[in-house]
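Comments concern the structure below.
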Amino acid sequence: MAESLSSLLIIEGLEQSFGGVMALAGVSFQAPEGLIYAIIGPNGAGKTTLFNALCGFYQPSAGSIHFNGHELCGLPPHCIAALGMARTFQNLQLFFNMTVVENVMVGCHLRARTGLLAAALRLPRVQREERQLRAWAYEALELCDLADRAEQPAGALPYGLMKRVEIARALAAKPRLLLLDEPAAGLNDTETRALKDLIQRIRASGVTVLLVEHHMPLVMSASDRLLVLDYGSVLAEGTPAEIQTDPRVVAAYLGGAVHYAV
C-alpha cells in the first residue's frame, strides 16, 4: 500500500545521542501521505525521542528529516509547525483555567497576523481575525465531538475529554501531519474505542497521522502501517498483519505468539 502513495515524511539515517547514549541509531523510514502510521516498541526504544527530533525539540546528531519537501534538521519548533506539523504530548499540556475553545484557539496562533499594538487597541481587523480563529477552533472541536463543551473550563472536563482537547488544539493549526504521542494513555476501554474512531476520522479529513502508542489492540486495528523500534534502531516495518507474525517482533516486543484483531 505504501509504495503507491507519495511520502510526506522521509527519515534517513537519523541518529540522536545524549553523551555516550545512542537514543536513535540510523533510523530510516518513509511515512506515506494519507495513512495512519504507527511507531511501536518497548519503553526506551526511542519513540518519543524520534518525535522530539521531528518537531525540532532535539537537533539530531546525524541524518536527515524531509517533510513535504523541506529539510527539518536545524529548524526551530515554530518553523516546523508553520510547515504543517503538529503534535500532542504524553502528559496533558492544557490551560486548565481557560475554556475549551480558548485552549484550542492557542493552536491557531501561527495563523494570526495582527501584532501586539493592534491587539491592545482592539482594532477592527483584530476582532475579525479573532472571529476567524474561533471559527477554526470550532471546526476542530466539531471533529473531536467537543463543540458542546466549548465554553466549559478545560480543567473541569473528565480526563478522556481533556486528551481530546489537546488533539483538537493540534488540529486547529491545520496540519498536514499530526503526531500523537500515546493518546490512549490513561483511557478506559470505551474511551479507547472512541479514540480509534476519532483517529480514523482525522485521517479521513485529509490529515496524515503518525502515532506512538503502547495500546496494541488500538495500534493493530487503527493503523495502516507500523514501524517497530528496539534500542533506537528499526527492527521491522510493515502492515499490522506482517508485524504480528514477524518473529523478530514477537521475540523482542510482543513476547510470544500474540494476535490482535485488525
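The values are calculated or read from the model by the stated rules, or taken from the named source; none is laboratory data. Here the structure is a predicted model, which means the values were calculated and not measured. All Cβ positions, even for glycine, are placed from backbone atoms using ideal geometry, and neighbour counts span all protein chains on display. Keep in mind that these areas ignore ligands, DNA and RNA; they rest on the heavy atoms of the full protein, side chains included. Shrake-Rupley method; radii C 1.70, N 1.55, O 1.52, S 1.80 Å.
The rows are residues; the columns are (1) open to solvent by less than 10 Å² (accessible area, probe 1.4 Å); (2) at pLDDT 95 or above; (3) under 21 Å from residue 51 (Cα atoms); (4) not in a loop (DSSP other than H, G, I, E, B).
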{"site": "151", "(1), (2), (3), (4)": "no, yes, no, no"}
{"site": "163", "(1), (2), (3), (4)": "no, yes, yes, yes"}
{"site": "168", "(1), (2), (3), (4)": "yes, yes, yes, yes"}
{"site": "180", "(1), (2), (3), (4)": "yes, yes, yes, yes"}
{"site": "197", "(1), (2), (3), (4)": "no, yes, no, yes"}
{"site": "200", "(1), (2), (3), (4)": "no, yes, yes, yes"}
{"site": "211", "(1), (2), (3), (4)": "yes, yes, yes, yes"}
{"site": "218", "(1), (2), (3), (4)": "yes, yes, yes, yes"}
Neighbours by Cβ (under 8 Å, 6+ apart or cross-chain): first from the stretch 8-21, under 14 Å from residue 73 (Cβ atoms) and in a strand (DSSP E or B); second of a type in the set (Val, Ile, Thr) and open to solvent by 10 Å² or more (accessible area, probe 1.4 Å) = 16/49
inquiry  = Anything in the stretch 22-58 that is open to solvent by 30 Å² or more (accessible area, probe 1.4 Å) and out of contact with any helix residue (DSSP H, G or I) (no Cβ under 8 Å at 6 or more places or on another chain)? List them, or say none.
reply    = 22, 25, 26, 28, 33, 43, 44, 48
key: Given (1) on the phi < 0 side of the Ramachandran plot; (2) at pLDDT below 95; (3) open to solvent by less than 30 Å² (accessible area, probe 1.4 Å), number of the condition residue 256 does not satisfy   = (1)
inquiry  = Cβ-Cβ distance below 6 Å, separation of 6 or more or different chains: which pairs start in the stretch 213-232 with a residue that is over 27 Å from residue 22 (Cβ atoms) and end on one that is open to solvent by less than 30 Å² (accessible area, probe 1.4 Å)?
reply    = 215/184; 218/184; 218/192; 220/240; 222/36; 222/199; 224/35; 224/36
ask   = Among 147, 204, which is the only one that is surrounded by fewer than 18 Cβ atoms within 10 Å (Cβ to Cβ), free of Cβ contacts under 8 Å to residues at least 12 places away in the same chain and in contact with a Phe, Trp or Tyr (Cβ under 8 Å, 6 or more places away or on another chain)?
value = 147
inquiry  = Is it the case, given these coordinates, that residue 60 is in contact (Cβ under 8 Å) with a residue 12 or more places away in the chain, within 18 Å of residue 235 (Cβ to Cβ), in a loop (DSSP other than H, G, I, E, B) and over 18 Å from the mean Cα position of the chain (by Cα)?
reply    = no
inquiry  = Quick check on residue 248: is it assigned to a helix (DSSP H, G or I), closer than 29 Å to residue 23 by Cβ and open to solvent by 10 Å² or more (accessible area, probe 1.4 Å)?
reply    = yes
